[in-house]
Amino acid sequence: MSKTWFITGTSSGFGRILTETLLARGDRVAATLRQPDRLDVLKARHGDRLWVAPLDVTDTDAVRHAVDAAFAAFGRIDVVVSNAAYGLFGAAEEVTDAQIRHQIDTNVLGSIAVIRAALPHLRAQGGGRVLQVTSEGGQIAYPNFSLYHASKWAMEGFVESVAQEVAPFGIAFTLVEPGPARTSFGQGLVSPPPMAVYDDTPAGAVRRAVAERSFAIYGDPAKMVRAMIDCADGAEAPRRLLLGRDSFDRVRAALVERLAALDRQREVALSTEADD
Ligand SMILES: NC(=O)c1ccc[n+]([C@@H]2O[C@H](COP(=O)([O-])OP(=O)(O)OC[C@H]3O[C@@H](n4cnc5c(N)ncnc54)[C@H](OP(=O)(O)O)[C@@H]3O)[C@@H](O)[C@H]2O)c1
């Protein structure tokens with residue numbers, strides 16, 4: 001049975017491939033992006049099954065209008081995909097206050113605005129699914145990505161809570177957590193001028209590795225998109241969908257270590273109860 005989707009950030013990468021794949025299988029897509037003419041060819045090919053609206057997710061009023069208009073255009077939307085985001089790449093000392101605000105405005109407040117705008121519609125229609133794209137970096141962290149991680153961990157916390165609030169209305173969330181994938185994400189990284197003092201630190205090593213492209217990126221975005229669609233087609237919504245072999249190993253190792261660290265401090269935790 002074909003579905004109707006709402007997707008942010010459809011100009012490139014996951015959002016674009018998702019849009020193309022869904023249209024090819026006969027679904028309907030409400031696609032939003034900052035430069036809507038980038039979907040002109042798809043629009044010409046798919047006609048009314050593709051609804052397109054300009055949207056910069058940092059504009060909360062525009063998010064509400066776009067979500068309202070998409071539900072009005074299609075009557076029902078089965079899956080909302082909050083995908084638009086980018087990476088701020090620099091040590092915490094290097095990035096500017098304005099860069100931090102824009103990163104949080106886009107990746108956190110933009111995603112929250114999309115979800116909040118969709119909830120009343122999803123409730124009114126008796127339920128639906130939400131895919132919030134975070135990252136393996138929503139569960140682990142690399143140096144030089146602190147603000148990006150802050151944004152993705154923020155969305156993980158937001159979804160963990162709101163999913164409990166709206167489960168009674170038949171609304172189910174999945175946090176999609178890709179590892180490094182061959183999209184335009186790398187080209188879209190925003191980087192401040194580096195500080196030489198970080199050259200011989202872990203942050204400097206990551207900066208060099210990215211600049212020299214000295215690490216391989218194995219994630220195939222088309223396969224990842226296939227997994228997202230299969231997930232949304234499934235009867236149950238897993239809370240997390242981690243994508244990528246190396247990412248699986250990294251997140252698993254981090255969770256094992258975190259659990260061990262929690263167990264090591266058990267006595268301290270228990271010792272802080274009030275005596276009565
Ligand atoms: N690729 C990876 O390695 C990777 C790994 C983990 C998670 N992710 C996540 O995957 C999602 C999609 O990224 P991608 O890999 O597909 O990269 P991408 O090809 O760069 O796509 C990012 C999309 O987000 C859009 N966007 C950025 N800021 C926006 C704003 N203010 N308003 C509306 N749209 C905005 C971009 O639009 P413009 O064309 O207008 O800039 C673009 O359509 C993001 O949430 C990212 O954090 C990616």
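The values are calculated or read from the model by the stated rules, or taken from the named source; none is laboratory data. If you're wondering where the values come from, they're calculated on a predicted model, not measured in any experiment. Here the Cβ positions follow ideal geometry from the backbone for every residue, glycine too, while neighbour counts run over all protein chains shown. Ligands, DNA and RNA are excluded from the accessible area calculation, which covers all protein heavy atoms including side chains. Shrake-Rupley method; radii C 1.70, N 1.55, O 1.52, S 1.80 Å.
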*asked:* For the condition within 22 Å of Ile112 (Cα to Cα) and surrounded by fewer than 18 Cβ atoms within 10 Å (Cβ to Cβ), what is the one hit in Asp68, Asp48, Asp37?
replied: Asp68
*What single numbered condition from (1) farther than 18 Å from Pro120 by Cβ; (2) without any contact (Cβ under 8 Å) to a residue 24 or more places away in the chain fails to hold for Val95?*
(2)
*Scan region 149-166 and give yes if some residue there is free of Cβ contacts under 8 Å to residues at least 40 places away in the same chain, away from the ligand (no atom under 11 Å from the Cβ) and not in a helix (DSSP H, G or I), otherwise no.*
no
*Mind telling me which of the residues Gly157, Gly128, Gly137 ends up being in contact with a His (Cβ under 7 Å, 6 or more places away or on another chain) and either surrounded by fewer than 19 Cβ atoms within 10 Å (Cβ to Cβ) or of a type outside the set (A, V, I, L, M) (or both)?*
Gly137
*asked:* Can you find a residue that is open to solvent by 30 Å² or more (accessible area, probe 1.4 Å), within 15 Å of the ligand (Cβ to nearest atom) and under 17 Å from the mean Cα position of the chain (by Cα) anywhere in region 207-219?
replied: no
*Scan region 73-113 for residues that are open to solvent by less than 60 Å² (accessible area, probe 1.4 Å), farther than 19 Å from Asp59 by Cα and among the β-branched types (Val, Ile, Thr) and report the count.*
3
_Looking at Gly234, Gly138, Gly244 in this structure, which one is out of contact with any Cys (no Cβ under 6 Å at 6 or more places or on another chain) and either basic (Lys, Arg) or away from the ligand (no atom under 14 Å from the Cβ) (or both)?_
Gly234
